[in-house]
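Novice: Before anything else, here's the structure in question.
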Amino acid sequence: MTLLYVPIIDLEPYFEGSQEGKMQVAQAVDQACRDIGFLIIKKHRIPRELLDQVTALSQAFFALPLEEKRKVDRPRRDQVRGFSAVAEESLAYSTGEAAPGDLKESFSIGPSQVPDTPYFTGPAAGPHFAPNVWPAEPMALREHYEAYFVAMSELAMHLMRIFALALHLPEHYFDDKIDRHISMFRALSYPPLRERAEEGQFRASPHSDYGSLTIVYPDAPGLQVRNKAGEWVDVPYDPDGFAVNIGDLMMQWTNDRWISTVHRVVVPGLEEPSNKRRQSLVFFHQPNYDAMVECLPSCLAPGESPRHAPISSGDHLSSKFVKQTTFGGTKEVA
């Protein structure tokens with residue numbers, strides 16, 4: 001039976017380390033990724049204190065006056081760093097659809113403490129290891145954001161190992177493809193509406209994510225996913241869990257066995273109780289920029305052909321992000 005809702009999966013059997021426990025989790029994840037592309041994970045071992053600290057510091061940053069936040073504006077269109085104001089991005093454009101700017105603002109970072117070696121600083125690295133930009137206030141933001149990035153990187157590594165088991169591959173199959181990953185962490189703030197949204201405008205317009213997987217910690221409901229029946233269903237909100245979804249690259253890796261599902265954040269009515277500030281902490285996991293994403297051997301049945309041409313992780317990410325921040329324009333980014 002096909003899942004038409006987002007399941008909740010306890011990771012504790014995986015972390016306990018028995019092969020039986022690992023396969024129990026892997027099988028549940030496989031069904032979720034085949035049927036709906038989303039799951040809620042519990043018992044993830046991310047400290048509650050860290051979540052609370054990063055949540056509070058993000059709220060403090062977004063509460064600053066706009067002119068203060070503008071001091072850490074994104075330095076270049078092709079660099080996922082710094083601040084982006086309300087309606088300066090439209091996720092719909094990454095899928096080729098036109099829509100008004102999304103009703104959210106964001107602050108983004110990438111890897112920190114990058115080694116000064118050619119892999120990270122040479123021309124091939126492009127913007128993927130660009131320096132982060134940091135606000136003067138709150139003072140503790142940098143320390144805790146960097147700690148959160150490390151914690152999410154480790155959790156993503158475990159999820160990729162679960163993915164490998166689910167796909168009948170060696171548990172550590174993906175390790176050397178994500179050991180220099182180009183992930184980003186984005187704190188997203190959705191302000192309350194003061195006037196009606198434009199026609200077709202969302203807090204986050206319908207889109208699929210770009211990379212291997214996304215780990216989301218929201219502070220309120222509002223995220224929806226489109227299931228295989230074409231229905232928009234709510235992603236369960238659990239203050240002790242993370243929403244996880246696979247991205248386009250994982251869908252390509254699996255030859256469309258797993259689905260990178262379209263999702264959105266809906267706009268509340270002006271008079272609804274949900275019309276208040278909403279915040280999400282979002283970790284977009286992206287493999288090493290030179291990792292070639294092509295059909296996995298376990299996902300190609302006899303007589304089948306790969307459905308996607310091989311592409312590097314870095315090229316795929318760059319093309320998608322530029323579309324969402326230039327509203328589909330073809331102008332040169334600099």
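Novice: Roughly speaking, what is the centre-to-centre gap between the range 240-318 and the range 39-84 when only Cα atoms are used, to the nearest Å?
Specialist: Using only Cα atoms, the two centres lie 21 Å from each other.
Novice: Give me the tail of P(r) for the range 39-170 as a percent: Cα-Cα pairs with distance above 23 Å.
Specialist: Above the 23 Å cut-off, the range 39-170 has 50 percent of its Cα pairs.
Novice: Per residue Cα convex hull volume for the range 173-244, in cubic angstrom?
Specialist: Cα-based convex hull of the range 173-244, divided per residue, equals 148 Å³.
Novice: Also, quick follow-up: Of 219, 35, 52, which has the largest mean-square fluctuation in a 10 Å C-alpha GNM of the chain?
Specialist: Of 219, 35, 52, the most mobile in the Gaussian network model is 52.
Novice: Can you pull out the trypsin sites (Lys or Arg not before Pro) in the range 240-323 that DSSP calls coil and that have at most 15 other Cβ atoms within 10 Å?
Specialist: Passing both the DSSP loop test and the Cβ count: 276, 277, 307.
Novice: Follow-up question, since we're still on this one. If I model a spin label at residue 294 and residue 196 as a point 7 Å from the Cα along the Cα→Cβ vector, what separation in nanometres do I get?
Specialist: 5.3
Novice: Take the alpha carbon gyration tensor of the range 8-325, find the square roots of its eigenvalues, order them as a ≥ b ≥ c, and report rounded if a/c is under 1.5; if not, report prolate when a/b exceeds b/c, else oblate.
Specialist: rounded
Novice: Radius of gyration and Dmax for the range 137-292's Cα atoms, expressed in Å?
Specialist: Computed over the Cα atoms of the range 137-292, radius of gyration and Dmax are 17.0, 53 Å.
Novice: How high is the FRET efficiency between residue 12 and residue 56 when r is their beta carbon distance and R₀ equals 25 Å, given to the nearest 0.05?
Specialist: Using R0 = 25 Å, I get an efficiency of 0.35.
Novice: Could you check the spin-label model distance between residue 176 and residue 142? Points 7 Å from the Cα along Cα→Cβ, value in nm.
Specialist: Result: 3.6 nm between the two label points.
Novice: Something else about it: Just to be sure I understand the rule: take each whole DSSP H helix in the chain, project its Cα atoms onto its long axis, keep it if the span is 30 Å or more and its mean Kyte-Doolittle hydropathy is at least 0.0. Which ones pass?
Specialist: Correct list, ordered by number: 141-166.
Novice: In terms of the Cα gyration tensor, with a ≥ b ≥ c the square roots of its eigenvalues, is the range 119-173 rounded because a/c is under 1.5, prolate because a/b exceeds b/c, or oblate?
Specialist: The shape class here is oblate.
Novice: Of 43/104; 104/276; 22/43, which sit over 23 Å apart, Cα to Cα?
Specialist: 43/104
Any read-out appearing in this document is the output of simple, stated calculations on the displayed coordinates, not a laboratory observation. Bear in mind that the values here come from a model prediction, so they are computed numbers and not experimental data. Using ideal geometry, Cβ is built from the backbone for each residue, glycine included, and neighbour counts are taken over all protein chains shown.
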